[in-house]
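First the structure, in the form of structure tokens, and then the observations on it.
Every number here is computed from the coordinates shown, using simple stated rules; none is lab data. These numbers were taken from a predicted model, which means no experiment stands behind them. Because the Cβ atoms are built from the backbone with ideal geometry, glycine has one as well, and the counts that use them run over all protein chains shown.
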Amino acid sequence: MKAVILAAGEGARMGPFTASVPKVMIPVGNRPIVEYAVRALVESGVRDILMMIGYRRERIQSYFQDGKAFGARITYVAEPKQLGTAHTVRQAKPSLDDRFLVLNGSSLIDRQFVGDLLDHADAPAVLIKESDRPQEYGVVTLRGRNVVGITERPREVLSNLINTGAYVLDPSIFDLIDRQAEEGHHDLPSVLSEWAKTTAITAVESNGTWVDARYPWDLLRLNETALQTIQDVRAGTIEKGVTIHGRVTVGEGCVIRSGAYLQGPLSLGPGCEIGANAVLLPSTSLGKNVRIGPLTTIVNSILMDDANVGPSSVVADSVLGSGVVARAGLLAASGPADVSIEGEYHAVRQIGALIGEDSELGNGVSVDCGTVVNERARVSSGARLRGTVPAGAVVH
Amino acid sequence: MCGIIGYSGQRNALPILLDGLKRLEYRGYDSAGVAIVGSGLQVAKDKGFIANLEGQLPAMQGTTGLAHTRWATHGAPSKVNAHPHTDCTGKIALAHNGIIENFASLREKLESEGHVFKTETDTESLVHLIESFYRGDLEDAVRKALHEVRGSYAIAVVHADEPEKVVGARNESPLVIGLAPDENFLASDVAGLLKYTDKVLYVMDKEMVVLTPERAVIKDLEGNVIHREPERITWTLEDAEKGGFEHFMIKEIHETPKAIHETLLGRLANLEVNGFLAENFTSVKLVACGTSYHAALVGKYIFEEIAHIPASAELASEYRYTQGAAERPLVILISQSGETADTLGATREAKRRGCKTLGICNVIGSSLSREADKTIYTRAGVEIGVAATKTFVAQLIVLYLIALRMGLDRGTLGYEEADRLKDELRSLPRAVLAVLNKEAEIQSLAATYGTDARDAYYLGRHVNYPVAMEGALKLKEISYIHAEAYAAGELKHGPLALITKDTPVIAIAVDDPTYEKMRSNIGEVNARGARILGVGTDGDKELPKFVDDLITVPRMSWIFSPVPVSVALMLFAYHVARLRGCSIDKPRNLAKSVTVE
């Protein structure tokens, strides 16, 4: 059986973190989000993967290549314009002549999730999950075990069962997709609601892992989930007097200086340098060549490749993009905040700073909870940041 | 250069040899051939790509054989000049990579003894020489022949009367043995045998090997057995496939950020580069060929700026034949493959002059890594496209690292300054990403500038002058447009006369110490009506007034600007060649690494 992974979208709601990579390539637990789907498929015996790519597609191709390194056979279908999920799946028609799986590349899933789908792969199916925020997703209404319809972000919540965007489909759906497209419907939930009128679509509730990434703070939940399965690995140089508790991956070429305190789960990519007496607390991922200054504390955060946080800093519940440089004394503490993304405000219970790639912060910068600093901003020493800092801005 | 593959085992040799040849095709591809020992010796060869040969092969049965892919040095590419070559009896077949220097005198002597030559190649003299020594023992005949030969070689030889046996030998051309149960392999490059085994034995200079299905025995040219432990290869053939990209070249350009990361890994924190930390050099000499030479030229600026040590760059093919100065510089030799013949020659020459040698190469276990006193590897991964891309950038990264280390050791670079430079090195993968994200824009510029151009001029100054040279080389190599690079200060000394409204000019004017001067040079070119593509810095508001089109790279210290600028020029050259329908991964007349002088 072939699987189609939807990986073409930009992910504009991810704030600064999709400036140079598509959403599915944002790292959580030091792997791109979509890698978890690829691995879950391969572990379940599905090796033929069609990757639907569009925005910044070269990042995906460079990473997965032909898929052999992951035990898969990956072919790519480029979609120049993304109209909707149904339109995307339609592009794969020439390669699909039998029943196939559809997975969303921007959700963290595991083997059990894919297994639940495969158990019902003899007929069309939708994988559903209970949610405590159903109004933010597509709510699935059922008759018995069969789907009646999918309502996106309903005003009136009739059920707490939501669509995970994982499906078993067969090629008979392509004609319907074309007809629905003529009426201006390009998304799979609309097409499926229409299909349900004539075809039995089974709703399968999954007990597997499914964490959807839609907003930057979701990345912290994905990261925490991903780190639950990491390996205990010790590579690089760990100086005398370093304390390590719990499961911690230390990549090749890392240098961890004396007095550092590491509490797992943590993942340190290759080439990281952890300064003397630094404290790393769960659940934190550091990418490649990340540098943490002495006496700095990092809690429940993602620091992507080449980020550099100077001495005596505090970073909590934060996401720092690749190449963010903060000199000494960065204060990015955590708390409840209303965060503005794409002009909409979202109440977030626990959030620190969201800093885009290659932003540079001087000494003693203080960042209020929920601040979004877009990519390549320059912030002078002593500044206090709140709200949203535009891309490339210079802040005095 | 050429590629050789040999097989002795239980299976039908032909498919294995052809598959191996395809893996080696990047080493040269103007002709190819195979020889199989089954019921007698059968040879088939033709000019052109291996696919040509494969299409018209007779059925060849046998479990021993050798094959060859050739890049002509002596004799035109043709069917008759293709390897393998055979002797007068038609019983011995030989494939050879390298050059037999005394082939003319050997040929004269052999012809006077009655041998009949069929080709114009240097190699044929060797096969007749082996024939003249053959008394029923191929190994002995090859050994005696090699004693009379001067030059470089990696060879594989079979004899119709000695089935199951392949004799190989090496001097200054690469040769590696692959070991598997009940079958053994011989190849110019690990890529040729990786599909069948990851257990290899490297053959060294002036050594022979006798290959049978059961064993591979290495001996010196006196016949003494040499014991050597096999090594395991950890990279896989997967590394060598295209993964959804149209060409290897564009795939490899997109791998540049990864190549930078890998090359920096674990080397930044303590700057542990395998250099000569304790030595006190008064100067640095960088020696290389082709693209690596351009990296060396950039290296001159890197060493002078970061380590404040006098540095100069020289072509390996020139350095070898010039007089050394009285002082003894650290000689840094740069070669992607580590097999470039002139660079290896220069290494020996540098050592002869009493200099310490430091190699920079991308291939572990390459000849350069064995010849140079110390080696620092670029970790760019396999590069298949003939035009060097990511490996050029990785070479620059290693040069930055060495210069940083030297600056700190010499006390010419402060710790804070070093930290700042390290931060910038860390930011380079994303500076390159920013350029890669402009690919669509560069592609449309390639259509504007490259579709009809017959000539193109690249202008640069200071550290970006060699980058302009590299940009021009890329364009020449793959799009066949005549391209030249000039130091912009030299414009008025000649090249300005060549510039008309029909000659596109690519001018690098990033934020470096010569920016103002460069801008006025662009003005001079502008006055001649040429269409100008500028490469500038993000946010530069002045430059757009002087150029017709502009590609920008992120702002950074000028010493690092060659990294993003060179990537922009690679993308430009790639898209020009692609639009012109050129054979990008295998340009005509060029080979990936040049193992002949």
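What is the list of residues in region A:259-284 whose amide nitrogen lies under 14 Å from a point 7 angstrom out from the Cα of A:A69, following Cα to Cβ?
A:270
Using alpha carbons only, how many degrees (0 to 90, rounded to 10) separate the axis of helix B:562-579 from the longest principal axis of chain B?
Once rounded, one gets 60 degrees.
May I ask you to evaluate 6.51 cos²θ - 1.76 cosθ + 1.60, the Karplus curve with θ = phi - 60°, for each residue of region A:357-372 and list the ³J(HN,Hα) values in order in whole Hz, giving x for glycine and proline?
In residue order, the calculated couplings are 4, 6, 6, 10, 10, x, 6, x, 7, 10, 10, 5, 4, x, 6, 10 Hz.
Size of the dipole of region B:156-253 about the Cα centre, Lys and Arg at +1 and Asp and Glu at -1 on the beta carbon, nothing else charged, in debye to 20?
The dipole of region B:156-253 has a size of about 80 debye.
Keeping to pairs on different chains or 8 or more places apart, tell me how many lysine pairs in chain A have Cα atoms under 30 Å apart.
21
Specify the residue with the greatest mean-square fluctuation among A:T209, A:T198, A:T296, computed from a Gaussian network of chain A linking alpha-carbon atoms under 10 Å apart.
A:T198
For B:R232, A:R257, A:R153, what ranking results if the residue with the fewest other Cβ atoms within 10 Å of its Cβ goes first?
With the fewest neighbours first, B:R232, A:R257, A:R153 line up as B:R232, A:R153, A:R257.
How large is the convex hull of the Cα atoms of region B:413-569 per residue, expressed in Å³ as a whole number?
Enclosed volume per residue, from the Cα hull, is 110 Å³.
Once you sort the root eigenvalues of the Cα gyration tensor of region B:241-429 as a ≥ b ≥ c, which label holds: rounded (a/c under 1.5), prolate (a/b larger than b/c) or oblate (the other case)?
Oblate, because a/c is 1.5 or more while a/b does not exceed b/c.
Just round it to a whole percent: the fraction of Cα-Cα distances in chain A exceeding 35 Å.
Percentage above 35 Å: 29.
With respect to the cross-link table entries B:K300/B:K586; B:K47/B:K251; B:K300/B:K474; B:K22/B:K109; B:K109/B:K206, which display a Cα-Cα separation exceeding 27 Å?
Over 27 Å Cα-Cα: B:K300/B:K586; B:K47/B:K251; B:K22/B:K109.
Dividing the alpha-carbon Rg of region A:232-320 by 2.2 N^0.38 Å yields what?
0.90
With a 10 Å cut-off between alpha carbons and a GNM built on chain A, which of A:I341, A:I351, A:I302 moves the most?
Looking only at A:I341, A:I351, A:I302, the largest GNM fluctuation is found for A:I341.
Each residue of region A:222-232 in turn: what ³J(HN,Hα) in whole Hz from Karplus with 6.51, -1.76, 1.60 and θ = phi - 60°, glycine and Pro shown as x?
4, 4, 4, 5, 5, 6, 5, 10, 6, 8, 7
In vacuo Debye scattering of region A:2-214, one point per C-alpha: log10 I(q)/I(0) at q = 0.14 Å⁻¹?
At q = 0.14 Å⁻¹ the computed log10 ratios are -0.81.
Would you mind pulling out the separation of the Cα centroids of region A:1-72 and region B:183-206, in Å?
35
Can you compute log10 of I(q)/I(0) for chain B with the Debye formula, treating each Cα as one identical point scatterer, at q = 0.05, 0.09, 0.10, 0.11 Å⁻¹?
-0.23, -0.73, -0.88, -1.03
Identify which of A:R214, A:R247, A:R155 has the largest mean-square fluctuation in a Gaussian network model of chain A, with springs joining Cα atoms closer than 10 Å.
Evaluated over chain A, the most mobile residue of the options is A:R155.
Can you figure out the FRET efficiency of B:E231 with B:Q61, using R₀ = 41 Å and their beta-carbon distance, to the nearest 0.05?
The computed FRET efficiency comes out at 0.80.
Checking the a/c ratio against 1.5 first, then a/b against b/c, what shape does the Cα gyration tensor give for region A:227-395?
Since a/c reaches 1.5 and a/b is larger than b/c, the shape of region A:227-395 is classed as prolate.
Label B:S444 and A:R133 with points 7 Å out from Cα along Cα→Cβ: what is the distance between them in nm?
If labels sit at B:S444 and A:R133, their model points lie 3.8 nm apart.
Hey, can you grab everything whose amide H is under 5 Å from the amide H of A:I26? Only 5+ residues off in sequence or another chain; H modelled, so Pro and N-termini drop out.
Sorted by chain and number, the residues that satisfy this are A:I33.
Using a simple charge model, +1 on the beta-carbon of Lys and Arg, -1 on the beta-carbon of Asp and Glu, nothing else, what dipole does the protein assembly as shown show about its Cα centre, in debye to the nearest 20?
The dipole of the protein assembly as shown has a size of about 880 debye.
Write down the Å³ per residue value for the convex hull defined by the alpha carbon atoms of region B:325-445.
Cα convex hull per residue, to the nearest whole number: 150 Å³.
With the contact rule set at Cα under 8 Å and sequence spacing of 6 or more, what percent relative contact order holds for region A:1-150?
28
How large is the convex hull of the C-alpha atoms of region B:3-237 per residue, in Å³?
105
Subtracting the Cα-Cα distance from 0.36 nm times the residue separation, let me have the gained length for B:K219 to B:E111 in nm, one decimal.
Here the answer is 35.8 nm.
With a bin width of 5 angstrom, please list the P(r) values of region A:62-174 as percents of all Cα-Cα pairs, from the 0 bin to the one holding the largest distance.
The calculated distribution, bin by bin, is 2, 10, 17, 21, 23, 15, 8, 4, 1, 0.
Could you tell me what a quarter of the Cα convex hull surface of the protein assembly as shown works out to, in nm² with one decimal place?
43.5
Counting only C-alpha contacts under 8 Å and six or more residues apart, can you give the relative contact order of chain B as a whole percent?
Worked out over chain B, it gives 12 percent.
For chain B, what does -39500 (n - 2.57) per DSSP helix run (n ≥ 4), summed and divided by total residues, give at 222 nm, in deg cm²/dmol to the nearest 500?
The per-residue figure over chain B is -10500 deg cm²/dmol.
How far apart, in nm, are two points set 7 Å out from the Cα along the Cα-to-Cβ line at A:L158 and at A:N363?
The modelled label-to-label distance comes out at 6.3 nm.
To the nearest 0.05, what FRET efficiency results for A:R214 and A:S172 with a Förster distance of 25 Å applied to their C-beta separation?
FRET efficiency, A:R214 to A:S172: 0.25.
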